[in-house]
Structures are given as C-alpha cells and as structure tokens.
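The values are calculated or read from the model by the stated rules, or taken from the named source; none is laboratory data. Just so we're clear, the structure is a prediction, and the values are computed from it rather than from any experiment. Counting neighbours? That spans all protein chains shown, and the Cβs are built from the backbone with ideal geometry, glycine included.
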Amino acid sequence: MTEPCQLIGMPVPRVDILNKLQGKASYAEDISFPGMLYLKVLRSDRPHARILKIHTEKAEVHPGVVAVFTAKDIPGRNRVGLTIKDQPVLCDDKVRFIGDPVVLVAAETVQAAEAAVQLIRIDYDDLPGIFSPEAALAPDAAKIHETGNVLVDRKLIKGDFEQAVEQAEVVIRNTYRTGTVHHACLESGAGVATCDGDKVTVWMPSKELFTDHQEIAALLGLPPENVRAICPEVGGAFGDKRGLAPGYYAALASFKTKRPSKMVFSREECSLVTVKRHAFTIDYTTAAKKDGRILGVKADMVSDGGAYAFNSFAVLTKAMIHAAGPYEIPHVFVRARAAYTNNPITGAMRGLGVPAVALAHESQMDILAETLKMDPFEIRLKNGLKPGALTATGQRLDNSIGLTETLEKVQGEISRRGTPVPNGSKRYSWGVASMFYGIGVPGSAKPSISQLEATDAGDFVLFVGSVDVGQGSSTLFTQIVAEVLRCEAEKIRLITGDTDRCPNTGSSGASQLTYVAGRSVQMAAQNLKTLLQRAAAAILAKPEEGLVLDREGFYHPANPGRRVSMAQAVKRLKEEGLSPAAEGRFAPEVTLPDKETGQGAPNGTYAFATQGALVGVDMDSGEVEVVSLVASHDVGRIINLHGVEGQIEGSVSMGVGYALTEELVIKEGAIKNPRFGEYFIPTALDVPEVASLLVEAAEPSGPFGAKGVGEPAIVPTAPAILNAIHAATGIRVKEIPLTSEKLWMLLKKR
Amino acid sequence: MKVRMRVNGNQVEREIPPDRLLIDFIREDLGLMGTKEGCSEGECGACTVLMNGKAVVSCLIPAFRADGAEILTVEGVADEAKLHPIQQAFLEAGAVQCGYCTSGMVLSAKALLDENPEPTVEEVKKGISGNLCRCTGYTKIIRAVQMAAEKIRKERG
C-alpha cells in the first residue's frame, strides 16, 4: 500500500545546520592533537625543470624543525592520479608546474616550518616550458611526460557529418573560448594525521574519501586496512577536495615521525596547486535546414590539461558526450583533446567540460535562430530531445525528459515579466540557454553501497561513505530513510565519511549522490523494512503483504488498534537469529562510450534545464548587470526543496562569475591572481534575483523519481547571459569571461 | 604583552606576542573554532567578529588592538537556550550549505541589523558584501536577513 510522502519534496532543515549556525561544526583545520607537528611544503618556482640537487642541510638544523622529507623518504608509491598515476607527491626527477611539491618540512610550530622552507635551495636545470595545448601538441614540442603530451584524444561519431553539410541549407561555424577557473572554496583545505603503531588515521576534507584512502595507503606502502581516512565537515568542494592535498602530507609526516601532524593550505597555495577548470577552445560547426532542423554538428575541442592527468579524461569525455547539446541531431562528429602543459593542473569542476561546450552549442542555436529569423525558443523546441529520441551517443531516451517543459516555463515567465525599457545608457534584454546533463560518472558500473541498521530502541543507523561537501546529501539520505521507514528524521543517525566504518557509497561528484547513492540508500531502507515487516507479520499472525507502517509501527488495516513497534519487530528478528540490518546496492544500467565512436549509453538518466537571463548593459561603460535569472530545471523529483533551490542559486552565482569575471590569469605557467582580492568571485552585490521553476519528470530508476541538480544548474547560465548581452547590444562574444573592460572595448569599436 | 578583553561576555586575559592576530587569539588561545580563516587578508569575511558592536575581519587585526574591547564571536550569538533570531532565520530560509562562511555572515548580519533594523534588499546586500559565499549564491542568505529583521521587530513588539 502506498501512502503520500511525508518528507520527500519538503524543505527539511539540514541535519548539520545547528552545528554550523553556532560555530560547532568541525573542519579539518579545527582539529588538533597534543604534540602536533606543523607542515609546510617547498614548491617549485619553475614551470619545467630537472631537479639536480636539493640542499636541505640548513633547514634540518633550524630550531624547531623535526624532519625534512624529500622523494627518497617516501616509503611507498610516489605517484598519484585518478586515471594515470603520473603526479609525484614529492618531485624526484622533474618539476612540471609552478607549485609542484619538492620538499616537506615538519616542525614544532608553523613559524619554524615556514622559516625552514626558506632555507632550502634546489639546483635546477630549466627545461623548455609549454604553456598552451596547441604548443604541446606541436610535433616538435618538448615532452612533459615520457608518454608524450597527448593526454586525451577521443572521438564521437554518429551518422556522417559530411552528409549533413551536403544536405544543409545553412552552415554556421565559429570558435569559442573559455578561461581557466578556480573552485575558490571558502575552506582552502587542511589535513591532520596521527599514527598509532603502524596504523595511520587521517582527517581530511575529501569528496572521494575512498580514492584518497587508497592513494595514501599506496604512498605509505601500507595495506589499506592500516590507513583510516575520516572526513570532517567540508567547506565547499565543487569538484575540488580530491587528490593530492594536505591530508596526504600529514599522513606521510605522521607515519614517518609517529607524531600527530597538521598541514593547512594558505589561500595562495590553494589557488596555485589544487586543480582548475579546463580552458577550452572549441571549433563548432552547425549544419541546418532553412526550417531550423539541425542536420549535423561538428565540434573540435582542445583543452589545457595542465601538468598532470588527474581527471582530464572524465572532463573531456563529459564534454564530448554533451557537445551536441540537448538536441536530436542525426549527424554528429566530435573530437575532444586535452594536452599536458606546464600550466597548473586542471580537473573536475562543477559540470566538468559541459559548461564550456554549452557556451558553444547555445551560442550556435541563437546565431542559427537569428540567421533563419526564428524565435530562440522555437528553434530549441523544434530540435530538443523528446521521448524516444537518440542522443549523440546513440542512447535512446524514453523516460524523464523534461526539456520541453523547461523551455515552456521559461518562455512563459519571460513573457509575463517583460523587458525593462532602456534607462539612460542602460539597455536590457533577455537571453536563453538550454542543456542536458548525464547524471553520474560516464559508463561507471561501480555500485553504490549503503548499509542500514535498526537499534533495539527502534531507531536507525545509516552508514554511507559518501561525504556531504555542503550540498546537503546527508540530509537527503536521512529524508529517504525516514520516508521509507515512516519515521521522524530525528530517529536516524548517520555515520558518514569514515573508511573504517562505512561502505563505499560513491564519490560526491558527477551529480550522482541523489540519483545513485540516494537509490542505494532507498534500497537499503526498503530491504530493512521488508525484514522488519516479516517479523511484525509473525507477531500479528497476519500475512506480511497486508501490513501498513506508520510512525507508531506496523498494523493490519483490519485491526489498526494492534500495533507492532519497530523495537518489537527488531526484538523478534533477533530472537529468530537474524540481524536487523540491510544493504542497498545500486548501479545504473550504463555502457562505456565506445573507444572509437563514443557511442553507448553512458548515463542512467539525464537532467534537463533552460535558463533565461535578464541583463542590463551600460552601453557607455560596458558594465553588465545580471538582473534576474529564471531557472527551470527538470530534477526528476524534488527530495529537499531548499537543497534543490540552493544548488540552483549557488550554480547561477558561479555561472555569473564564469561568464563575466572569473579567470585565472596564467603567464608562463605562473598564476598572476591567486588571491580573492584579484580573482573575483561574485559577492552579494553581483548576483541576480533567481527564480527556480522546477519540473518533475520522474526518473523510474531514481529514488522517488529523483535525478540530480548540483552540476546541471551551472551549465546554461553563461550562455544565457552571453545571449542576453548579444540581444541587448548586437555584439556576439564567443569568449568568456566577458569582463566589462572587454565589452567596453567592443562597444567602443562598434 | 598582556591583553584583556570581554569575549562573548566573559572576561579573558592572556599573555601574547605583539604580532598575535585577533583570529589566532580567538581560535588558538581561546579555542573558539567557530571563527573561520578563509584568505588571511581580509577579502573573504569568513573571520568576521564584532568588536565593540562593529563587524571587523579578525585576520587583519592585531590582538593587542582589541585590548579592553568587547568581542562577539559566533559562539556568543545565541542565548543558552535558543537560537538568535538571525540564526533561526538562516535555519528556516535554508541559508547554510558548507557552513564555512556562516559564522561571518551571521555576525555581519547582526552588525547590520543592530544599526539598521529595517534594511532594504539593497542594504542587506551591501551589509554582507564583504562576506564571500561560494555555495548559496546569497539568495537565501539575503532572505534570511530580511526574515531575521522581521523576527527581531516582532520580538521587540
């Protein structure tokens, strides 16, 4: 018997909110132990050089210094990486970017560690630096890694693009560029470790704790069970908080010295050495009929992979899969490349490569519409993915395709609101952009596992390895369990982010926690409910199928007065020798994109969205105000209303930065603006009013029909803003960030 | 050197080196970890505390400058028993995500509302514009501050 949902869709307060509001939430930087050592890393000031000799003698005898470590002190594997293990924890042969770690100092105080680092000298033999992917891919380029400079090179081929060009009546070709962007989490990052005998425990913010755990065990040359990784509260991730981080160095120093240790990233260090969003150059061609039907698209993209591979493969794969946008196009050809350079490392950031390709495909849609004198909504509605459509990877979509509805909602809202009339030098216009986004890691069949136990009191303990990085996953999991087991959220205790206690429920990335991990949590709850219901049926001497569960327990509709409480059901289970515990295991049905053609069904479900941006452009100064943003997102099913809205509002803010202000300026491998005073993330004065118009096209394989929204929400923002700026000024800009200085120059030239 | 100040209503006295920053005094000497350090140069506002009722970035102020001052950190905002109306409004509006900016936001909001109990949206935005938040896009924070203003007005009748 199904009952109406009690908690699903509600703005349930976050489970961690009281701690966070009262300053009681503990982040890695807040953790300390008596006798703790403080760590600092000496980093390369060269973009590319061979290490000849490292002089640490003066540092070793500096007062307060306890140990100085170089590559030769690493007991295990001195290489880390998600797909290719190419990144040294402490460089041995070469340094490959400005910020590459070379020496680790452990001292009694931060000041002593900082002073000692200054006393170390490294003899280098400088090598030619390579600072663009184009230069890296030149035939005579110096090799950054032994394997060469090609990091990713893959293709997607559907139909025959040349045939589309032959049949087309309009062909539009443009080149788009996006900048290198920093996650800029407010928490720059820290790690703390202890060592007891040969067991190392490390506290570190990590969006993928189980991967970091494996890397640290390998680094120390220890079996995984000798390392315990615990994730405290995380001060923002957005794709960061994974891979080589302070926790790795704390683990190494504690293992070597047998003392607790702590390392904290300075803001500048965080900017220099954590991974960045890839800069892309995308050569994009659209071939269409005069009636607006798109016959084919071709996208040739090259991106800057930086000094180490990290997850460039996933970023470029995502970009490739989504390059054609949320449209059914018979002929598609995509080439997605990333090259090693001597620039800072690039990796995952909210949306991976999809926000970059969305700038291209959504600008092209508006250019095509303008060329054909069509309405931007009409051309999107005409080509948009609908039930039964085939994506560019040849995946047939049958369920949960809310694109049309998102377009209609934004269209309706924009026409209801209207466009402000020009005011002085300011001109206003709306712009629109759509997107689709595959939920989860492309082609990953790795199951998400969660475990749920009932206590003797009839409460529940949920074990989930996945970490809440701020987005609210812990609250969402609690709501799902409470919904299935018909109890108050307060009855559920969550154990999360601890490799000794939790199963691997999956990474807090690829927008998969709601859909994949959430589904495994729902299955664990359903499996536990089945066990408890069977026990209750035995007590009531009724068939278990007929029982109903509410807050007071199980009962049979024929006799609602007789109840079996959760505690009684647990007791009965135990008397039968059964454990009141269950597991949930879920992996979406997916296939890896084919190596040659990119064809396959890489994602179990797709999110859809359309955003409309109202901008006001000052025609004299080039200043752009994003006044309003209307965001319609098909999320499958809302689990937590505040959570969904919060993801959209935060993404829009990040998208405004991506479109208008944010870019790491990198010259000869050096980041020129690592500080918040020079790298401009939006403040409260820079963000638009955001209206979330939610669409719930339920996904049958998701928990209660939910899909995910964390990354999808940033994808259409920048192109919607650029399309609005074009509508207001007549200037089509194909490169972001479009700063007010750049727009001023363009307005002046006009 | 010796400094004395009232922190969250409690008199404290400590011997400190002259270059001790207020944030380190609060976190390390007093063990109040709710005040966060985001950038160490006054740009992000995560370390905001109230000094004699004014919002200041504690990462830029030497602790000795707070000698004799009244300091309020996030730990002192709520009464023993219940949340401050600003905290309650943040809870109801869903204005918290990762939480790293939250302490500073709450204190900037308090400084604003203490001075201007009926701020407009623009005044709220201006009042918290020195506090960066990467998660929320500020939408729910701005709403929360307005809700808090309403709650405080009601409490005062």
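Computed quantities for the displayed model
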item	result
Members of the stretch A:179-199 that are over 19 Å from residue A:244 (Cβ atoms) and either basic (Lys, Arg) or at the interface with another protein chain (Cβ under 10 Å from one of its Cβ atoms) (or both)	A:186, A:199
Restricting the stretch A:80-99 to residues that are part of a loop (DSSP other than H, G, I, E, B) and of a type in the set (Lys, Arg), the residue that is farthest from the chain's Cα centre (by Cα)	A:96
Unmet requirement for residue A:458, which otherwise passes all of (1) assigned by TED's automatic domain parsing to the domain that holds residue A:706; (2) farther than 20 Å from residue A:693 by Cβ	(1)
Subset of the stretch B:105-139 (residues that are crowded, with 17+ Cβ neighbours inside 10 Å and more than 9 Å from every other protein chain (Cβ to nearest Cβ))	B:105, B:107, B:108, B:109, B:110, B:111, B:112, B:113, B:119
Pairs where the first residue, in the stretch A:568-591, is assigned by TED's automatic domain parsing to the domain that holds residue A:462 and more than 30 Å from residue A:397 (Cα to Cα) and the second is surrounded by 20 or more Cβ atoms within 10 Å (Cβ to Cβ) and among the charged types (D, E, K, R), C-beta under 6 Å, 6+ apart	none
Residue match in the stretch A:278-299 (condition: under 30 Å from residue A:28 (Cβ atoms) and part of a strand (DSSP E or B))	no
Tally, over the stretch B:37-57, of residues that are surrounded by fewer than 23 Cβ atoms within 10 Å (Cβ to Cβ), within 11 Å of chain A (Cβ to nearest Cβ) and of a type in the set (A, V, I, L, M)	0
Any hit, the stretch B:108-128, residues being hydroxyl-bearing (Ser, Thr, Tyr) and assigned to a helix (DSSP H, G or I)	yes
Options A:323, A:392, A:314; residue that is under 25 Å from residue A:588 (Cα atoms), surrounded by fewer than 24 Cβ atoms within 10 Å (Cβ to Cβ) and within 23 Å of the chain's Cα centre (by Cα)	A:314
Qualifying strands (runs of 3 or more DSSP E) (wholly inside the stretch A:1-79; at least 1 residues being assigned by TED's automatic domain parsing to the domain that holds residue A:469 and surrounded by fewer than 19 Cβ atoms within 10 Å (Cβ to Cβ))	none
Close pairs from the stretch A:414-427: first aliphatic (A, V, I, L, M), partner assigned to a strand (DSSP E or B), Cβ under 7 Å, at least 6 apart	A:414/A:430; A:414/A:612; A:414/A:630
Single match in A:215, A:225 (criterion: farther than 14 Å from residue A:248 by Cβ and in a helix (DSSP H, G or I))	A:225
Segments classed as strands (runs of 3 or more DSSP E), wholly inside the stretch A:513-599, with at least 3 members that are within 30 Å of residue A:497 (Cα to Cα) and at pLDDT 95 or above	A:581-586
Count of residues meeting criterion [free of Cβ contacts under 8 Å to residues at least 12 places away in the same chain and in contact with a helix residue (DSSP H, G or I) (Cβ under 9 Å, 6 or more places away or on another chain)] in the stretch A:674-721	3
Residue within the stretch B:29-36 that is among the hydrophobic types (A, V, I, L, M, F, W, C), surrounded by fewer than 23 Cβ atoms within 10 Å (Cβ to Cβ) and within 11 Å of another protein chain (Cβ to nearest Cβ) present	yes
Residue list for the stretch A:486-501, filter: surrounded by fewer than 24 Cβ atoms within 10 Å (Cβ to Cβ) and not in a helix (DSSP H, G or I)	A:486, A:487, A:488, A:492, A:493, A:494, A:495, A:496, A:498, A:500, A:501
Single match in B:109, B:95 (criterion: outside the structural domain of residue B:13 (by TED's automatic domain parsing) and over 20 Å from residue A:185 (Cα atoms))	B:109
Answer from B:83, B:91, B:60 - the residue that is in a loop (DSSP other than H, G, I, E, B), at pLDDT 95 or above and facing another protein chain (nearest Cβ under 10 Å)	B:83
Verdict on residue B:145 being β-branched (Val, Ile, Thr), in contact (Cβ under 8 Å) with a residue 40 or more places away in the chain, in contact with a Leu (Cβ under 8 Å, 6 or more places away or on another chain) and not assigned by TED's automatic domain parsing to the domain that holds residue B:29	yes
Criterion: small (Gly, Ala, Ser), in contact with an Asp or Glu (Cβ under 6 Å, 6 or more places away or on another chain), in contact (Cβ under 8 Å) with a residue 60 or more places away in the chain and more than 14 Å from chain B (Cβ to nearest Cβ) - qualifying residue of A:113, A:25, A:49, A:106	A:49
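Table: residues versus (1) within 14 Å of chain B (Cβ to nearest Cβ); (2) part of a helix (DSSP H, G or I).
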{"site": "A:609", "(1), (2)": "no, no"}
{"site": "A:612", "(1), (2)": "no, no"}
{"site": "A:657", "(1), (2)": "yes, yes"}
{"site": "A:673", "(1), (2)": "yes, no"}
{"site": "A:686", "(1), (2)": "yes, no"}
